[in-house]
Amino acid sequence: DSCHVLVCGGAGYIGAHAAYALAHQGFEVSVLDNLSTGHREALRWGRWVAADLLKPDTLDAAFERPVDAVMHFAARSLVGESVAAPYDYYRHNVVGSLNLLQAMQRHGVGRLVFSSTAAVYGEPDSASIGEAHRTDPINPYGASKLMVERMLADAAQAYGLRSVSLRYFNAAGAAAHAGIGESHYPETHLIPNVLRAALGEAQALQVFGDDYDTVDGTCVRDYIHVLDLADAHIRALRWLDTTPGAHRFNLGNGQGFSVLQVIRAAEAIAGRRIPYSVAPRRAGDPPVLVAASDAARSLLGWVPRYTRLEDIIDSAWQWHSAPAF
Ligand code: UFG
């Protein structure tokens with residue numbers, strides 16, 4: 001008897017990689033997505049339900065076949081955009097999640113893995129961030145994710161909902177061999193922008209700020225491969241079989257790389273120089289974000305496979321050199 005997982009946002013970047021990983025591990029998959037930012041071409045695993053989290057009566061269709069657990073990736077996720085349009089972020093991310101939780105309750109579904117973010121920490125006061133670090137988001141995106149985490153804690157208490165919130169650091173890479181990869185419009189993320197500059201596709205690459213208090217003045221991030229994120233979701237789902245409550249885990253490699261280090265690594269992989277110019281700092285960027293992910297390792301048995309930045313960039317390069325969409 002196979003476990004049926006509903007993947008909300010399964011046509012998006014991280015959700016599609018999770019749908020792929022679930023299908024390959026023998027799970028039955030349904031994808032709920034309205035294709036507002038996701039891609040029809042990424043709907044390759046399981047059946048598709050064209051529902052909208054902001055239209056609660058469209059959600060029941062996703063539960064017609066009994067659902068055992070939900071993974072929830074469907075959200076707005078750009079820090080800068082959230083600062084400019086906070087109502088959009090609270091509506092999609094908080095109200096949308098509440099509608100999903102209520103639909104799960106109507107249909108008796110008691111397990112959820114939720115996409116959270118390192119942005120819940122705000123400006124960290126330590127070089128490496130553990131889950132016990134104070135949460136104090138500096139943008140509406142991070143605040144919206146933290147509000148959902150709070151709802152999940154209350155739902156565990158009141159209704160016995162079991163959940164894991166996974167706080168991703170910087171997702172990167174692709175499963176190009178499976179025909180999926182990162183494709184945002186507009187693209188704002190560093191690694192895709194660097195690789196598209198290498199291919200001569202994007203306008204000139206800009207480095208946002210070179211006067212931070214870091215190794216070379218540029219921002220430092222912890223890049224984690226999207227398939228390692230997918231693996232953590234499946235482990236979290238299995239862990240909830242035996243673990244009640246609402247839980248939070250960081251997901252990162254524990255190693256930080258500066259923007260310039262990313263550009264240099266990409267130059268080695270692409271075999272060409274990547275020109276860039278230095279631009280002013282981007283609003284809302286913390287100088288350094290590096291994860292302590294010991295809890296995911298010890299409790300979920302999670303061991304990232306893509307621990308070298310070169311391997312993460314190389315997998316993204318395979319996708320961007322010949323993207324399927
Ligand atoms: N950067 C550039 N040039 C670019 C793009 C990015 O210099 O063209 C810099 C940014 O200023 C930042 C770093 O590269 O210093 C990484 O930027 P990204 O946009 O790739 O990623 P962020 O760290 O801003 O945000 C990502 C996700 C968020 C999540 C966060 C958690 O987009 O959803 O990681 O660490 F909250």
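The values are calculated or read from the model by the stated rules, or taken from the named source; none is laboratory data. Keep in mind that this is a model prediction, so the values were computed, not measured. Positions of Cβ are backbone-derived with ideal geometry, glycine not excepted, and every protein chain shown enters the neighbour counts.
A few notes on this one:
- Any chance VAL148 is of a type in the set (Val, Ile, Thr), crowded, with 21+ Cβ neighbours inside 10 Å and either at pLDDT 95 or above or not in a helix (DSSP H, G or I) (or both): yes
- Residues of region 103-142 classified as within 28 Å of ARG282 (Cβ to Cβ) and touching a residue at least 12 places away in the same chain (Cβ under 8 Å), total: 26
- Test: TYR185 is surrounded by fewer than 16 Cβ atoms within 10 Å (Cβ to Cβ) and under 26 Å from VAL95 (Cβ atoms): yes
- Matching residues, region 216-258, being aliphatic (A, V, I, L, M) and in contact with a Lys or Arg (Cβ under 8 Å, 6 or more places away or on another chain): LEU227, LEU237, LEU240, ALA246, LEU251
- Tally of residues being surrounded by fewer than 24 Cβ atoms within 10 Å (Cβ to Cβ) and either under 14 Å from ILE180 (Cα atoms) or at pLDDT 95 or above (or both) across region 1-12: 2
- In region 198-236, residue modelled with the lowest pLDDT [restricted to those that are small (Gly, Ala, Ser), over 14 Å from the mean Cα position of the chain (by Cα) and more than 9 Å from the ligand (Cβ to nearest atom)]: ALA204
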